[in-house]
Every structure is written in C-alpha cells, then in structure tokens.
Amino acid sequence: MLTTAFTETFGVSHPIVQGGMQWVGRAELVAAVANAGALGMLTALTQPTPDDLAREISRTRELTDQPFGVNLTILPTITPPPYDEYRNVIIDCGVKVVETAGSSPATHLPHFHGAGIKVLHKCTSVRHAVKAQALGVDGISIDGFECAGHPGEDDVPGLVLIAAAAERISIPMIASGGFADARGLVAALALGADGINMGTRFMCTEESPIHRNIKEAIVAASEVDTELIFRSLRNTARVARNSISQEVVEILSSGGKFEDVRHLVAGARGRAVFDRGDPEAGIWTAGTVQGLIHDIPTVGELVEHIVAESEALIAGRLAGLLDPVSA
C-alpha cells in the first residue's frame, strides 16, 4: 500500500482523488471511488439546490460507508449560486472533506474548519497555491495545463508545475491534469506530489453517470483531440474537440465576443451531451489524458490496477535501475 502525507491527512487508503466534475460527480461514481479506497468528490453545483445536495449526500451514504468529499467551485458571476447555503448543507450533513476551486476559499475556510472539515484547494499556479497554503487550507491540488476544464492562463504543464509547487508547498499536495495510470502516479510522487487527481479517467468508468457513447468517444480520442476555448477572454477552458468547440474557437479568434458564442457554450447543451450521448450536442470537458485511456473499467478495477502497478514500478523497474554495488 502506498502511504503518503495525503492519505494520512485525508484518511483514505490510496493517494488517488476523483475531483469535482460538473454533471459527473454524482453518488454512483463517488461511492464507487470511496469503496475502492480513493477519495471521491460530489460536485455541489451539479445539484440544482442546496436541498438537492443534501439528498445526494444521503444517497451516497447509502452506497458507501467510506470517506468522501464535496467539491464547491466558487466563481464570480452576475447571479451567483447561494454558496453559503451549499456550504451549510455540507457542514450540516457531516461531510469531512471539501474540495474548493475557482476563487479564494477564504470566506468559507473558518466555517469548514470550525466544523472539523479538511479543505483541499485546487490551484492552477504556484502563486495561488502558496496563497492558499498561507490561508490555512489542509491540502493543495495543483492543476497543470494538460487538464480538462480551466487550466489557468500561465500554460505551465504538470512536469514543471508540480515540481515548482513542491518547492514551495509543505502541506499535502495532489497533482492534477494528465493522470490516468500508474505511470502518472509514480511520476507525480517523484516530482514531489503526494498523490494524483483524475477527472477524465474517472469519467471513462462503468460507474460514471454519463452516456456510454461519450465514454467510447474518450477511448477513441487521442491526446490532440481537445480545444482551448475562451483564450481571448482570458478564461481558457480545455474541452473535447467537436464541431461546436471548433466553431467557438473560430468565432473568438476572429474577434468575436462572448455574446457571439453564448448559445454554443450553454451549460444545458453540455449536460445534453452526457445525458443523450451525442458528442456533437454541445461543449464538454475532456483532458489531453484521453490519449492514454483505452478501456472502460469499473472504478474498483481501475484503482486496484493503478495501485498494484505503481507498487510494482517502484519496487521493480525503478529499483532495478540502481547498481547494487554503488547502492
């Protein structure tokens, strides 16, 4: 078993996290991840209301008796969701781990810590990770440029970002973006992380609550089959390449504004992709790591294989590189 500062601090068996994913982080997937000994995250804002989140937490508990968390992504919007109400549901339901992302968690941190909740904050840059550590979060998830969703605007890939963050971060740190297998986990540990976060890989499992067609599209895709949209708006997002995302890139590259693509990137269309199984129905997130995904296993099979192969890599291939005389 791989024991790291992350597993010890967050109370899980394996240094693997299924981070929050809009429309995807639901009870079936999260419970399966928890039952496999990793840390699954419900996505709070996938639930239409705080009451719906409370019901989804309850439904998850019916499927697992292992620890799991809730992702609360805090974004500046004209009409923001009732973040305080979602936070209070998380606290009242006795959840013990929260993943925060987006804006600073400073407003919510005293409430979570007052309830004995560990906070893992997702960042896309070293400077933001250092600031979150100074605020008092319990762990960092550092997100490289390879990731699905929002990779920030610095364009630093994980190979450099993880190592650079490890030089500045003393609390447990999870590496995000580009991870799908044991090779990634071992590499992340070598770079100074205490585990990995996987999104696209967990999307492509039997328990993932998205249409089989989309899982098969991920398997069929390569590492170059993504698009970076909203670059000109300084709100870059990595999504799957399809006719819609290509049209968005073309419009914005030609000087278009958000209003010109609003109808193409509507969240309802993205949800329809996952529900109906039409990969051309809208924008949907996927990371470059899809080029490393070749099957649709159960969550249990996936986690077990990653852990076992990681141990074999560390004890076998890597240890075998040492000269026994000089060692």
Would you list D155, D181 from the most to the least accessible area, probe 1.4 Å? D155, D181
For L233, solvent-accessible area (1.4 Å; no DNA, RNA or ligand), Å²: 70 Å²
Solvent-accessible heavy-atom area per residue, rounded to whole Å², over the chain at 1.4 Å: 43 Å²
Given a Förster radius of 35 Å and the C-beta distance between L318 and E206 as r, what FRET efficiency does 1/(1 + (r/R0)^6) yield to the nearest 0.05? 0.65
Accessible carbon and sulfur surface of the range 5-208 relative to its total accessible area, %, 1.4 Å: 53 percent
For the chain, what proportion of DSSP beta bridges, expressed in % and rounded to the nearest 5, is antiparallel? 20 percent
Using alpha carbons only, what's the Rg to Rh ratio of the range 152-198 with Rh from Kirkwood? 0.94
Under the span-like rule (Cα at least 27 Å along the axis, Kyte-Doolittle mean at least 1.0), DSSP H helices of the chain: none
Cα-based Rg of the chain normalised by 2.2 N^0.38 Å, two decimals: 0.96
Can you give me the distance in nm between label points at A5 and A106, each placed 7 Å from the Cα along the Cα-to-Cβ direction? 2.4 nm
Where does the charge balance sit around I214 when Lys and Arg score +1, Asp and Glu -1, over other residues with C-beta under 10 Å from its C-beta? 0
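The values are calculated or read from the model by the stated rules, or taken from the named source; none is laboratory data. From a predicted model like this one, the values you see are computed outputs, not experimental measurements. We place every Cβ from the backbone using ideal geometry, glycine too, and count neighbours over all the protein chains shown. For accessibility, only protein heavy atoms count, side chains too; no ligands or nucleic acids. Shrake-Rupley method; radii C 1.70, N 1.55, O 1.52, S 1.80 Å.
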